[in-house]
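First comes the structure, then the notes that go with it.
The values are calculated or read from the model by the stated rules, or taken from the named source; none is laboratory data. Model, not experiment: these values are computed from the prediction. Don't worry about glycine lacking a Cβ; one is built from the backbone with ideal geometry, like all the others, and counts go over all protein chains shown. Please note that ligands, DNA and RNA were not included when accessible areas were found on the heavy atoms of the full protein model with its side chains. Shrake-Rupley method; radii C 1.70, N 1.55, O 1.52, S 1.80 Å.
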Amino acid sequence: MLWTLLSIVVAFAELIAFMSADWLIGKAKSRSGTEPAGGGAGAGAGPAEPYHPTLGIYARCIRNPGVQHVQRDTLCGPYAESFGEIASGFWQATAIFLAVGIFILCTVALVSVFTMCVQSIMKKSIFNVCGLLQGIAGLFLILGLILYPAGWGCQKAIDYCGHYASAYKPGDCALGWAFYTAIGGTVLTFICAVFSAQAEIATSSDKVQEEIEEGKNLICLL
């Protein structure tokens, strides 16, 4: 049960991190200052109120220049309308590796729900197969996370992080919660792979084996 819950949590954490724009937190901008590329110029003559735009793999959050009298006036959404418009080739590779890893994790999370009642398919342990898939997904996630900082030298990142930004150097930017969530989710992915072996041991208890010998194909573990 613990392995099942952890598998679901990891899949959702990686998916949310991938979709988030909070991978890089840009240098402070004033309300009346110039937006980074794609944001437009701020309007109005109110007092300068600094804020931090954020940039993700394919999304971003900036100040909405047309709304200055409300508290929540940030505009979030994808800056890339197609895969080819993602700011860096490294980020395109990151998106591919993360997407493949997340797809595998979501598939395992779905299958893990049924492992509480079905432990094998065609005489193959579902736990062992899922654990192997989680290990493979973890490798894809690692590749994506390694390639992501290599794209910090692209023009889009420089617009947000200043001219000192370059590959593996974020310049004036700080790393956002989405990046750390993706790293934490990757670590938990390998922990899940290890836990799958423990889940296999738990389902191999004497009580379970006795029910299998009695001819039961559907065995629920509570």
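For this structure, a couple of remarks:
- Matching residues, the range 144-165, being open to solvent by 40 Å² or more (accessible area, probe 1.4 Å) and modelled with pLDDT of 95 or more: I146, L147
- Selected residue (only one of I57, I62 is outside any helix (DSSP H, G or I), modelled with pLDDT of 85 or more, open to solvent by less than 60 Å² (accessible area, probe 1.4 Å) and of a type in the set (A, V, I, L, M, F, W, C)): I57
- Residue among Y160, Y164 that alone is of a type in the set (F, W, Y), without any contact (Cβ under 8 Å) to a residue 12 or more places away in the chain and farther than 24 Å from W3 by Cα: Y164
- Among the residues listed as S88, S82, the single one being over 29 Å from L2 (Cα atoms), without any contact (Cβ under 8 Å) to a residue 60 or more places away in the chain and polar (S, T, N, Q): S82
- First in the range 1-29 and farther than 23 Å from Q198 by Cα, second anywhere and open to solvent by 40 Å² or more (accessible area, probe 1.4 Å) and not in a helix (DSSP H, G or I), Cβ under 6 Å, 6 or more apart: A21/C76; I25/H52; I25/A174; G26/H52; K27/D172; A28/P50; A28/H52
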